[in-house]
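First up is the structure itself, then whatever we jot down about it.
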Amino acid sequence: MLRRLLLTAAASATAALTAVPSASAGTPAPPPAASPVPTASPAPLAAPAGLSSLYTAARSGTEPAAMPPPARPEDSGDRLTVTVHDAGNGADGTYELDCHPAGGSHPRPAEACDLLDGNTTWGKDLFAPVPPDALCTMQYGGPATAHVTGTWAGRPVDARYDRTNGCEISRWNTMIPFLPDLMS
C-alpha cells in the first residue's frame, strides 16, 4: 500500500512538472524525456567571499556544494580541538586540527580534514549526537571519550563522543581518522 502511494505521488509530481510552461514566452517546454523541470534561470547571485569556486560549482550543477557558507566572515576558519581520554595506545591527549590548509597537532590532519569535508552537507550537523529515541544495541566499546570544540564550516562545535552502546560506537567509528581508531 505504501509503495503504491509513493509511486502515485512520484507520477503526479512528474506530471505536474512537465505541465509547467516554459518561462520564455513563445518557447515550448522541453520534452519530458529531456527534463521535467522548467528552464527558467534565476538572476545570478554573488558568491560569498572565499567560496566562489564552491558556489559556481553548486550553481552550475557540476558537483554538489560540500559545505555551507560561514555564518560570519570572521568565523570562516575550520579549526577544531579534540580532547581524547581513556583511548589507550598513546591516543589520549589534546589535538588541534586546522583545515584549508590541513595542519595542527592532530596525528593525521590531511585525512581528518578530508573525512570532515566529505561528510559535511547542507542542513545537517556533522557532529550531531545520537537521537534520544534511537534504538541502540547494548554493547560496550570501552571507556574512551572525546570532546570536540571549535569552528567547522563557520559554525560553532561542542560535541562529545563515547563508546557506551552500539549507536555511540558507530558514531565514533564514522569519525575515524578524525577520532582515534580503536577497532584495531
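Data overview
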read-out	value
Unmet requirement for Y95, which otherwise passes all of (1) modelled with pLDDT of 95 or more; (2) outside any strand (DSSP E or B); (3) more than 14 Å from V157 (Cα to Cα)	(2)
Residue in region 106-120 that is under 16 Å from R79 (Cβ atoms), not in a helix (DSSP H, G or I) and not charged (D, E, K, R) present	yes
Residue check, P132 more than 21 Å from A87 (Cβ to Cβ) and open to solvent by 50 Å² or more (accessible area, probe 1.4 Å)	yes
Condition check for V130: assigned to a strand (DSSP E or B) and of a type outside the set (K, R)	no
From D125, D114, residue being closer than 20 Å to T83 by Cα, at pLDDT below 95 and within 16 Å of the chain's Cα centre (by Cα)	D125
Qualifying residue in region 161-175 (condition: open to solvent by 80 Å² or more (accessible area, probe 1.4 Å), charged (D, E, K, R) and within 17 Å of the chain's Cα centre (by Cα))	no
Pairs where the first residue, in region 160-177, is within 17 Å of G88 (Cα to Cα) and at pLDDT 95 or above and the second is β-branched (V, I, T) and in a strand (DSSP E or B), C-beta under 9 Å, 6+ apart	Y161/V84; Y161/T145; Y161/V148; D162/T145; R163/T145
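The values are calculated or read from the model by the stated rules, or taken from the named source; none is laboratory data. Since this is a predicted model, take the numbers as computed values, not measurements. Cβ: placed from backbone, ideal geometry, glycine included. Neighbour counts: every protein chain shown. We work out accessible area using only protein heavy atoms, side chains counted, and drop any ligands, DNA or RNA first. Shrake-Rupley method; radii C 1.70, N 1.55, O 1.52, S 1.80 Å.
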